[in-house]
Amino acid sequence: MNQCKHCEDIFDPMSLLKKRVGGYFNECPECVLELKTEKAVRYRGVVGAEGKMAAISIVAFNSEDEADQYVSTFNGCGFGKRKTNDCNLINH
Ligand SMILES: [Zn+2]
């Protein structure tokens, strides 16, 4: 576990969220988002693939919130609000 240099929160540097938002090893994901310390453009496959699936559409977002919103509207699956990962088999 690491301690954030901004808010002094303890966070897991190996967590998915941390990996997703980037930033330095001593910045918690919340602060990375809040302070926008991660400068790299974020890319997100709309289908939420974990690498083995060809991305159907890759879109750059301004923020993680925006990205998540976009993804959730795109992955409705016709079954209501199912989790993104459940949809891969159905849609593919
Ligand atoms: Zn922090």
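The values are calculated or read from the model by the stated rules, or taken from the named source; none is laboratory data. Remember, it's a predicted structure, so these values are computed and weren't measured experimentally. Please note: Cβ atoms are built from the backbone with ideal geometry, for glycine as well, and neighbour counts cover all protein chains shown.
Here are some notes:
- Whichever residue in region 8-29 is part of a helix (DSSP H, G or I) and without any contact (Cβ under 8 Å) to a residue 24 or more places away in the chain and, among such residues, is nearest to the ligand (Cβ to nearest atom): PRO29
- All conditions but one from (1) modelled with pLDDT under 60; (2) under 16 Å from the mean Cα position of the chain (by Cα) apply to ASP65; the one that does not is (1).
- Filter result for SER72 (of a type in the set (S, T, N, Q), modelled with pLDDT of 75 or more and within 15 Å of the chain's Cα centre (by Cα)): no
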